[in-house]
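First the structure, in the form of structure tokens, and then the observations on it.
Nothing in this text is a laboratory measurement; each read-out follows from the coordinates by a stated rule. Since we're looking at a predicted model, the values are computed, not measured. Please note: Cβ atoms are built from the backbone with ideal geometry, for glycine as well, and neighbour counts cover all protein chains shown.
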Amino acid sequence: MGQTGCLLLHGFTGGAYEVNPLARYLREHTDWIISVPVLPGHGRHLDLRQATAMEWLLCAEEELERLLLYCDEVFVIGFSMGGLIASYLTIHYPVSKLVLLSAAALYINPRQIVQDINGMMKDAIRRTLHENEWFGHYKYKVLNTPIRSTWEFRKLASHMVPLLSKIKVPVFIAQGQMDGIVPPRAARFVYDRVGTYQKKLYLSKGSKHLICYGPDCDDLFHEIAFFLKQDEHPDDG
């Protein structure tokens, strides 16, 4: 058996840190070649002023093509917007299996955002706002995300969602039920539209958008590794 590769793609305004916990788990439990590229304009310090959806796709394509040169089998894992890009790659390249984490097929969960904002208000009253994880994570992103790049993301989503039916390989779909960015119903939305009967749905009751940092992430990572390692199986979602 030849070498196996695994490409992990982060989300919009994010970086490798969003999927690094899963990447570390896979490195520790497999002998696969693991690749976690940073898309143009992304990372810890955002510079999205000139970045385009086409550049994000090309970057992911180049990394996948590199893996395909060395590997007989390649898996692709995409988080949030990275799930849209991962879906595109799966349709156009010989990807063996696909994992979608908090895939941004739908976006903005108003109910959870209201809860998070209420939490911020309580922390502000207690003068502990600086300790609020949601506020600290998204304040920088909101201030450093140009409207133009947001439209690039929306353009990518509008193009990819109608193509989900073209995905024919086994798919693992995971979603946090407390996600304030992608509505939890997005997981079932994707599940119902992918064009394969080999699909699994994993719902995390305690996870928000950054599902790789959720309270049950160890169980999630185990399930993903098991899914990727096993032979093709019938629909068990």
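Odds and ends about this structure:
- D31-I147 FRET efficiency (beta carbon distance; Förster radius 41 Å; 0.05 resolution): 0.40
- As a calculated quantity, the FRET efficiency between K155 and R44 at R0 = 25 Å, using C-beta atoms, amounts to about 0.50.
- Each Lys or Arg adds one and each Asp or Glu subtracts one; over the other residues with Cβ under 13 Å from the Cβ of I34, this totals 0.
- A simple count of charges around I211, restricted to other residues whose Cβ falls under 13 Å of its Cβ and scoring Lys, Arg +1 and Asp, Glu -1, yields -4.
- Centre-to-centre, using Cα atoms only, segment 174-237 and segment 1-60 are separated by 18 Å.
- Once the Cα gyration tensor of segment 20-82 is diagonalised, semi-axes √(5λ) in Å: 24, 15, 9
- Simple spin-label estimate for R193 and R66 gives 3.1 nm between the two label positions (7 Å along the Cα-to-Cβ direction from each Cα).
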